[in-house]
Amino acid sequence: MHSNAERIIYQIYPKSFMDSNHDGIGDLNGITQRLDYLQSLGVNTLWLNPIFVSPQVDNGYDVSNYFRIEPTLGTMADFEKLVTSVHDRGMELILDLVLNHTSDQHPWFKDAVSDPQSIYRNYYLWDKGRAGQVPNNWASFFGGSVWEKDPAGTDEYYFHLFDKAMPDLNWKNPEVRQAMVDIAKFWLQRGVDGFRLDAFIHIAKADFRQDVFTADSQQPQIADEYYANLPQVQEYLAEFVHALKEIKADVFILGEASSADIDLVESYTDPKRDLCDSVVSFRYFQDVPEPQLIDQLPAAGQPHKLDLAQFKRTMVSWQAVLQEWSLPTLYWSNHDLPRILDKLQIEPSMQTDAAKMLAVLMYLQRGIPCIYYGEELGMTAGQLTDPADFNDELAESFVATGTSHGFVRESLLESLSVSHKMGARSVMQWTDGVFAGFSSQTPWLNAKGNGNSVLLEKRDPDSVLNFYGQVLALRQKKLFTEGRIVFEVNDPDLYGYTRFWEKQQAYIMCNLTDHEKKIKLTEEQCASRVKLKNRAQFDRTANKLTLGAYGVLVLEG
C-alpha cells in the first residue's frame, strides 16, 4: 500500500477514457486495457467518476442503484477484473461515492413518493411550504428553487440542491447514515481502496424557515450559509469514516469541498479525527478581476482567464498552513472545471511549454497530485458542435442570444466549449486515427480534440507526455514526498520554491509569463545539479538563469 505522501492520483471519467466494445461509450474493460499505460506514466492510484446504475441525468451523479455497475460501463465481473488488474500492478482504486442525494429513480425515493407513510419518506427532505408557496427562497446549483412539488400530489415539496431528478438525502435520519455506510462497505469488501466523497459538505442543512436576505425576494438565492459546510457535516462525516475504518483501517478518503476555505480544509483534514485524508477545494482558482468579455453575450458562456498571481498567493498560504497538518490536493483540472490550458488563454504555440511548466509547478509541491485524464498530453477542451451536447439550458440560451446579435454559431460553440465543463469531458486522445483511437463508433460526446495523442507523444522525446513521466519519476523521491516547502514570493512573475529533506534541497523555478525572465541565483543553487528543465539557460559561472516564456528549471543539491 502507498502512503498518502507517495500517492499520485489519476482521475478517469469512465465514459470518455476508452471504449472496449465500440458502442461509443467508455467502459471498465477499456480502463483495464490501458492500465499498462497508466503504470508507465507513474501514477499509482486511479479515481473513477461514478460507475453505479444511473439514469444519467447528471452523468452518473444521479445514482439509482449503488450496488450494481451502470450497464453501459460493464458488469460486476468487469469491475472485479479491473480491481484485480489494478492491484496486480501495485496500484490502488478509489470510487466516486455520491452521499448528498440519489436519483429520483432510486427505489427509496420511488417508495417515498408512492406512499407518504413509507419508512423511506424520511430518507429525504420534505416541507409543506408557506401559504401555498415554496418553503424558502433558496436556489439550486442547477438553477431555480431547491424545492419541487411532491410528484404524488400532496401539499409537500422535496428538497434538491442539484437537478430536480436528484433529491437530497436526510442525513439527520440514522437509517440514512447507516445505509450509506453499508454501501461503502459493500465496495470495500470488493477490493476498493478508498472513496472520493462527492459534495459531502452539503449533507447538513439549516432550518428551512430561514430565507436568504435579498433585495429581490422573488428570485431564488444561492444559500451556501444554509446548506454548505455546516458544523453537523463534520459530525456525520466522522461517524461515516470511523465505520469504514473498522473494515479497512487505511481506507483513503478524498473529500470534495468545492467552496471550503483554508480554515475548513484544516478542520476536514484534522489528522486526529476520522475525517478526510485530503480535500479538493475550488478556492485555489480565481479569475482575473476584470475579464475581457463581450457585452452582448452572457458572461457564463465566455472564457474567463485564470489569475495566476492570485493563484500563487492562495497556494503559498495553503501550503504554509497545512505543512505540519495534512496533505493538500494538487490539481489543475477536473470534470467540473474547464481544462487548465484553456483557462490560461495562451497561444496554441505556447501550450506545450505552459503544460510542462504547470506540471512542475503543481506536482513537485507538498501534497497529493491529482491528474485529470489527458492532462499529461496537453489536452484542451474538445470542440462541441451542438448546443444540446452541453446538457445545459444556459448553453442553449447563450447560442440563441449570440446568433440574435449576429455572432457566428461556430464561434459561440467554441467559446462555450473552452469555458464549460462539458468541453473538459471529451474523449481521451489515444491515436491520430478516427475518433482519436477511443472507439470505432461516434463517441457519446462527439467533439474535435486538439490533435495531441498518446501515440504521437510517445514517439516525441520533447512531448508533454514524456515530460510528465519525468516529473512523476522525480516526484517519487523522499525529497518531494516527505520534504518541507518554502516559497519565493518577491517576484510575482516567478513561481519559485525550495523543498528540503534531511541534507537534500531542490530548487524549483517556474516562469508564469509569456516573456523571458532573468534570475540571479545563489551560490548553493549554482552548485546544484539540473534535474529537469524546459526553455532554461543556466549560466553557473555568472550565477544567472534565463527562463523563456513559461520556462522551468529544477535543481537538486
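Before moving on, here are some points about what is shown:
- For the residues 455, 479, the requirement of being in contact with a Gly (Cβ under 8 Å, 6 or more places away or on another chain), in a helix (DSSP H, G or I), in contact (Cβ under 8 Å) with a residue 24 or more places away in the chain and on the phi < 0 side of the Ramachandran plot singles out 455.
- Residue in the range 37-53 that is surrounded by fewer than 19 Cβ atoms within 10 Å (Cβ to Cβ), of a type in the set (S, T, N, Q) and over 26 Å from residue 240 (Cα atoms) present: yes
- The lone exception for residue 487 - which of (1) touching a strand residue (DSSP E or B) at 6+ places or on another chain (Cβ under 7 Å); (2) open to solvent by less than 10 Å² (accessible area, probe 1.4 Å); (3) aromatic (Phe, Trp, Tyr) it fails: (2)
- A count restricted to the range 20-57 and to residues that are β-branched (Val, Ile, Thr) and out of contact with any strand residue (DSSP E or B) (no Cβ under 8 Å at 6 or more places or on another chain) stands at 3.
Table: residues versus (1) under 18 Å from residue 97 (Cα atoms); (2) of a type in the set (Gly, Ala, Ser).
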| residue | (1), (2) |
| --- | --- |
| 155 | no, no |
| 163 | yes, no |
| 170 | yes, no |
| 192 | yes, no |
| 223 | no, yes |
| 242 | yes, no |
| 246 | no, no |
| 262 | no, no |
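- Selected residue (criterion: nearest to residue 242 (Cα to Cα)) from residues of the range 143-171 that are surrounded by fewer than 18 Cβ atoms within 10 Å (Cβ to Cβ) and free of Cβ contacts under 8 Å to residues at least 24 places away in the same chain: 149
- Residue in the range 441-453 that is of a type outside the set (Ser, Thr, Tyr), modelled with pLDDT of 95 or more and touching a Phe, Trp or Tyr at 6+ places or on another chain (Cβ under 7 Å) present: yes
- Test: residue in the range 388-405 that is assigned to a loop (DSSP other than H, G, I, E, B) and at pLDDT 95 or above: yes
Conditions tested, residue by residue: (1) part of a loop (DSSP other than H, G, I, E, B); (2) farther than 20 Å from residue 331 by Cβ; (3) among the aromatic types (Phe, Trp, Tyr).
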| position | (1), (2), (3) |
| --- | --- |
| 11 | no, no, no |
| 22 | yes, yes, no |
| 32 | no, yes, no |
| 50 | yes, no, no |
| 56 | yes, yes, no |
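- Some residue of the range 244-264 being more than 24 Å from residue 150 (Cβ to Cβ), open to solvent by less than 10 Å² (accessible area, probe 1.4 Å), part of a helix (DSSP H, G or I) and not aliphatic (A, V, I, L, M): no
- Considered as a group, the residues in the range 470-481 that are more than 24 Å from the chain's Cα centre (by Cα) and open to solvent by less than 80 Å² (accessible area, probe 1.4 Å) include one that is farthest from residue 371 (Cα to Cα), and that residue is 479.
- So residue 467, is it within 29 Å of residue 10 (Cβ to Cβ) and either open to solvent by 20 Å² or more (accessible area, probe 1.4 Å) or among the aromatic types (Phe, Trp, Tyr) (or both): yes
- Residue-level check: of (1) touching a strand residue (DSSP E or B) at 6+ places or on another chain (Cβ under 7 Å); (2) open to solvent by 30 Å² or more (accessible area, probe 1.4 Å), residue 195 misses just (2).
- Against the conditions (1) at pLDDT 95 or above; (2) open to solvent by 40 Å² or more (accessible area, probe 1.4 Å); (3) small (Gly, Ala, Ser), residue 326 satisfies every one except (2).
- If you go through the range 308-327 and keep only what is under 12 Å from residue 367 (Cα atoms) and not in a loop (DSSP other than H, G, I, E, B), you end up with 315, 318, 319, 320, 322.
The values are calculated or read from the model by the stated rules, or taken from the named source; none is laboratory data. Since the model is a prediction, treat every value here as computed from it, not as a measurement. All Cβ positions, glycine included, derive from the backbone under ideal geometry; neighbour counts span all protein chains shown. Keep in mind that these areas ignore ligands, DNA and RNA; they rest on the heavy atoms of the full protein, side chains included. Shrake-Rupley method; radii C 1.70, N 1.55, O 1.52, S 1.80 Å.
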